[in-house]
Amino acid sequence: MNRFPWKGGLHSVVALIAIFLLLPTLVVIPLSFTEGTLLRWPPRGFSLRWYEILLTDQALRDATLKSLEVGFFTAVAATAIGTSTALGLTRGRFRGRQLTSSLVLSPIVVPTVITAIGTYFVFVRLGIVGTTAGLVLAHTVLALPLVIVSVTNSLRSFDRNLELAAASLGAGPLTTFFRVTLPLIAPGVAASALFAFITSWDEIVVALFITDPVVRTLPVVIFNQVRSGVDPTVAAAATLLILVTVIALGVALLARRRTMT
Amino acid sequence: MLALTGRMTVKRLRGWGLLAAPGILFLLVLFGWPLADMAILSLTTPSPSNYAVFAESPVYLDAYVTTFVVALVTTGACLLLGYPYAYLMHTGGRTLALILGFFVLLPFWSSILVRTFAWSVWLQDTGIVNTTLLDAGVIDRPLPLIRNALGTTIGMTHVLLPFMVLSLYAGMRRIDPNLTRAAMSLGASPLTAFRRIFLPLSMAGIYAGSLIVLVISLGFYLTPAVLGDPGKPLIGQLIVEQVTGQLNFGVGGALGVVLLVATLAVVWAGTWLVDLRSVMGYEE
């Protein structure tokens, strides 16, 4: 294994980079358990009071529930539309298919600030600023490319002969899809649903524009608190954000692993 | 029978194409229309004179320059940190690849807001870094780590490093390992084999990762707003300020159009070096 004389050095450098990746974020977890009223390092003592506030404070609770609601519907919408689009672009044969399959990913490269103000302008016209439906629509735009990429990759990774075999044995297109294709790509679809959920759950820039003081998501509430003098409730809310993401990511990775093996 | 199956297959493939329609339609209305509306507002609210702000005040051009400089430095930092990381992920064996992969995916999927906020806990004058150094007697005044370009660059590098690592790693996995082995069996030292064989072959990943990091960093808003210098805003911050602060949709739209054109120009230039489809994550 040790073919490279500088391998030991490489390991230490990478260990430092791994610490740079992980450690800075984790600092909010101990801070959320502080007894002090200031968001200061080091945390003092141990208390759950900030979590109590998080659970009892009306604004924060409403925002958490709203984030879960928007994330859920975004996952449903993005997965349904995205899977259908991936199927159409992978299996269909029409002019401009290659170009279209790149264009549907353009929300990835267009700066989010631009997507945000454009969406805001249109939502003002439509009168849907500060609505749950508006948030779901806007977040679905951001999540859709991720679902399309993920499902397209699952569609390409399995043996097409399985479908051809089903068809040649007399199964119609629909039967083939539901009995052969869908079960094969199901783990990829499930993983992308979770990625869509996380995208919405963590999204802040677009949400800043299209939420109002009544309908707000958790990141928006945290952002406003970060800007206007913070108490450790923010750390508790941030810990909640991390926790939900870790759970969703873990489940998504498990689903993915099942596709690979 | 065979001919029949053949014809059915063709028919079926035509039908499949229609499945893409809802997604395309959805994006046209909810993504295409917003971009078009921004362009229209920039020309009509009240008039194309919105674009004259560039001539009136140097603030806007300065912001574009600052944005590009910060974006380039961030890209360079990500490449410098990301390459050894991806290299070890690639060469270190299965277990190490899994562990390092998880360390990358965790921040990749966790909230930019939380990570930015966490960095402010580290970097502010009473933050972890300064408190530790002050207590140790290394410095006698807090170092200026936040509310400047350094803070922005650290925060953005942290947010974008996973994108770089994942692109580099995907590129390295496409390299045939037999090539470096062949070079070494023909007498090349490990370093020469790396420099002459592996590094040139990993250029595709380097281009892909750099392009995606550069493009995403051009549109950053949150990280510079929390960690950056309020006196030297990035363009994303000016756009938000125009739209939500000044309620000046026309100028905000004009600044957005220029940023969009600049971003697309970078993407277009990037397509000369790398296949855009692989940058976006499509596997071969």
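The values are calculated or read from the model by the stated rules, or taken from the named source; none is laboratory data. Every value quoted in this text rests on a predicted model; they were computed, and no experiment measured them. Because the Cβ atoms are built from the backbone with ideal geometry, glycine has one as well, and the counts that use them run over all protein chains shown.
Working only within segment B:133-150, note down all residues that are part of a loop (DSSP other than H, G, I, E, B) and either over 22 Å from B:Val226 (Cβ atoms) or in contact (Cβ under 8 Å) with a residue 40 or more places away in the chain (or both).
As a first pass, look at segment B:133-150 and keep what is part of a loop (DSSP other than H, G, I, E, B): B:136-148.
B:Ala136, B:Gly137, B:Val138, B:Ile139, B:Asp140, B:Arg141, B:Ile146, B:Arg147, B:Asn148 - these are the residues of segment B:133-150 that are part of a loop (DSSP other than H, G, I, E, B) and either over 22 Å from B:Val226 (Cβ atoms) or in contact (Cβ under 8 Å) with a residue 40 or more places away in the chain (or both).
Say we look at segment B:1-28 and pick out the residues that are more than 8 Å from every other protein chain (Cβ to nearest Cβ) and modelled with pLDDT of 50 or more; which of these is farthest from A:Thr115 (Cα to Cα)? Before the answer, list the steps.
Within segment B:1-28, the first condition is being more than 8 Å from every other protein chain (Cβ to nearest Cβ), and the residues that meet it are B:1-4, B:6-7, B:10-11, B:25, B:28.
From the residues that got through so far, the ones that are modelled with pLDDT of 50 or more too are B:25, B:28.
On the way: B:Leu25: 17, B:Leu28: 13 Å.
It comes out as B:Leu25.
For the subset of segment A:199-219 comprising residues that are of a type in the set (Val, Ile, Thr) and over 15 Å from A:Val136 (Cβ atoms), which member is surrounded by the most Cβ atoms within 10 Å (Cβ to Cβ)? Give the steps one after another, and end with the answer.
Residues of segment A:199-219 that are of a type in the set (Val, Ile, Thr), as a first pass: A:199, A:204-206, A:210-211, A:214-215, A:217.
Of the ones still in play, those that are also over 15 Å from A:Val136 (Cβ atoms) are A:204-205, A:214.
Values: A:Ile204: 22, A:Val205: 25, A:Val214: 10.
Among those residues, the one meeting the criterion is A:Val205.
I'm trying to understand the selection: among the residues of segment A:5-37, which are at pLDDT 90 or above and not in a helix (DSSP H, G or I)?
A:Phe33
So which residues in segment A:124-138 are within 11 Å of chain B (Cβ to nearest Cβ) and crowded, with 18+ Cβ neighbours inside 10 Å?
A:Gly134, A:Val136, A:Leu137, A:Ala138
Closer than 20 Å to B:Cys78 by Cα, within 17 Å of the chain's Cα centre (by Cα) and crowded, with 24+ Cβ neighbours inside 10 Å: does that describe B:Ser278? If you could, list the steps in order and put the result at the bottom.
On the way: closer than 20 Å to B:Cys78 by Cα: yes; within 17 Å of the chain's Cα centre (by Cα): yes; crowded, with 24+ Cβ neighbours inside 10 Å: no.
No: the conditions fail for B:Ser278.
Give segment A:65-80 a look and list any residue that's surrounded by fewer than 24 Cβ atoms within 10 Å (Cβ to Cβ) and either among the small types (Gly, Ala, Ser) or in contact with a helix residue (DSSP H, G or I) (Cβ under 6 Å, 6 or more places away or on another chain) (or both), or say none.
As a first pass, look at segment A:65-80 and keep what is surrounded by fewer than 24 Cβ atoms within 10 Å (Cβ to Cβ): A:65-66, A:68-69, A:72-73, A:76-77, A:80.
Passing the criteria: A:Phe73, A:Ala77, A:Ala80.
For segment B:88-105, enumerate the residues that are surrounded by 19 or more Cβ atoms within 10 Å (Cβ to Cβ) and facing chain A (nearest Cβ under 7 Å).
Once the filter is applied, which keeps residues that are surrounded by 19 or more Cβ atoms within 10 Å (Cβ to Cβ) and facing chain A (nearest Cβ under 7 Å), segment B:88-105 yields B:Leu88, B:Leu100, B:Phe103, B:Val104.
Which helices (runs of 4 or more DSSP H) does segment B:45-118 wholly contain that include 2 or more residues that are out of contact with any Gly (no Cβ under 6 Å at 6 or more places or on another chain) and either of a type in the set (Ser, Thr, Tyr) or under 22 Å from B:Asn148 (Cα atoms) (or both)?
Working: elements: B:53-56, B:58-91, B:94-109.
It comes to B:58-91.
Here is a list: B:Leu259, B:Leu214, B:Leu264. Which entry is within 11 Å of chain A (Cβ to nearest Cβ), touching a Pro at 6+ places or on another chain (Cβ under 7 Å), in a helix (DSSP H, G or I) and aliphatic (A, V, I, L, M)? Quick ask: steps written out before the conclusion?
Values: B:Leu214 fails: touching a Pro at 6+ places or on another chain (Cβ under 7 Å); B:Leu264 fails: touching a Pro at 6+ places or on another chain (Cβ under 7 Å).
Residue meeting the stated conditions: B:Leu259.
So is A:Ile108 part of a helix (DSSP H, G or I) and either buried (at least 22 other Cβ atoms within 10 Å of the Cβ) or small (Gly, Ala, Ser) (or both) or not?
Values: part of a helix (DSSP H, G or I): yes; either buried (at least 22 other Cβ atoms within 10 Å of the Cβ) or small (Gly, Ala, Ser) (or both): no.
Considered against the rule, which asks whether it is part of a helix (DSSP H, G or I) and either buried (at least 22 other Cβ atoms within 10 Å of the Cβ) or small (Gly, Ala, Ser) (or both), A:Ile108 comes out as no.
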